[in-house]
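Student: Starting off with a structure, shown below.
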Amino acid sequence: MSAISEAVILIAGQGSRLRGADKNCLKPFVPVLGRPLLSYTLETISSAGINTVHLVVGYESERVIAQAKQLIPPHINASFILNRDWQKQNGISLLTAAGHVSAPFLLTMGDHVFENTVIDCLLDNYEPDLLNIAIDRKLDSIVDLDDAMKLQTRGNKVAGIGKNLRSYDAIDTGLFVCPSEIFAYLERAKSKNAGSDCSLANGVELMAAAGKVRGIDIGSARWHDIDTPRVLEHAERDTSWRALRSLN
């Protein structure tokens, strides 16, 4: 069992690209093979032995909290952290968790789904004083490569990050083990934008420049960033992922 006992899940955004015109269906609960999207994230975290989960909410927070509570496994202690600035980038969402979570902690996005082997690989190989990212080098398998968060690596260190990187050799899967330093780097990134906004990638970029970001290759394991109807359709057709997630 991993020494990590806490996780943060970011579900504060509006998710308009996936929901489209349907304002009644909140993104964390969009059905994937008949189950709410968020249920897969919670299941994966639970299977890794993590027993405390902090969910950062924002858009339609009361509805999100009410529906999320119905999905929390009984042995998981869940708390909800409100990001009142949910319209801003995801770095602000993570910053709201500062003071609520003990490091090192697992971080993931509420719209990413993984085979259990992905999280196992990350938790078995992380270094507690670094920011550890589960990375995918299978570039040909990425459905929406234009929108993917690209990484440039040197050995096992991440040297660059950005959706518009011209030279890259891996993709950020959206699964991290974070040290407490992540919050200081996000504050520094926010200060560069007049102290008002920052993305998680902005913080990662600063940490990478300091040599503090490590990539952990997920090998042949499967995952999906379900951010658009196109990716949702692909994930539901992905028989390899379905079989390994016991969904077929």
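Student: What's the exposure ranking of Lys150, Lys163, going from fewest to most Cβ atoms within 10 Å?
Tutor: On the way: Lys150 22, Lys163 14.
Ranking Lys150, Lys163 by Cβ neighbours within 10 Å, fewest first, gives Lys163, Lys150.
Student: Expressed in nm to one decimal, what extension gain is obtained for the pair Asp124 and Arg154 from 0.36 nm per residue of sequence separation less their Cα-Cα distance?
Tutor: Answer, rounded to one decimal: 8.7 nm.
Student: Here is a follow-up. Taking neighbour counts of Cβ atoms within 10 Å as a proxy for exposure, in what order, fewest first, do Glu62, Glu127 appear?
Tutor: Ranking Glu62, Glu127 by Cβ neighbours within 10 Å, fewest first, gives Glu62, Glu127.
Student: Right, here's the next one. Calculate, for Ser167 and Ala209, the FRET efficiency according to 1/(1 + (r/R0)^6) with r their C-beta to C-beta distance and R0 25 Å; round to the nearest 0.05.
Tutor: Calculated transfer efficiency: 0.95.
Student: Please work out the Kirkwood hydrodynamic radius for segment 6-244, using every pair of different C-alpha atoms, and report it in angstroms with one decimal place.
Tutor: 17.9
Student: Pairs Lys157/Lys192; Lys27/Lys69; Lys88/Lys190: which are spaced more than 19 Å apart, C-alpha to C-alpha?
Tutor: Over 19 Å apart, Cα to Cα: Lys157/Lys192.
Student: At 0.36 nm per residue, minus the direct Cα-Cα distance, what do Asp217 and Ser79 gain on full extension? Give it in nm, one decimal, please.
Tutor: Once the chain is fully extended between Asp217 and Ser79, it gains 46.6 nm.
Student: On to the next question. Round to the nearest 0.05 the FRET efficiency obtained for Leu33 and Glu181 when R0 = 30 Å and r is the Cβ-Cβ distance.
Tutor: The calculated FRET efficiency here is 0.20.
Student: Need the list of lysines near Lys150 for cross-linking: C-alpha distance under 19 angstrom, and skip anything on the same chain fewer than eight residues off.
Tutor: Hits, sequence-local ones excluded: Lys138, Lys163, Lys212.
Student: Just grab the label-to-label distance for Glu233 and Ile65, each label 7 Å out from Cα along the Cβ direction, in nm (one decimal).
Tutor: Here the answer is 3.7 nm between the modelled labels.
Every read-out reported here was derived from the displayed coordinates using simple, explicitly stated rules and does not represent laboratory data. Nothing here was measured: the structure is a model prediction, and the numbers come from that model. Ideal geometry is used to build each Cβ from the backbone, glycine not excepted, and the neighbour counts take in all protein chains shown.
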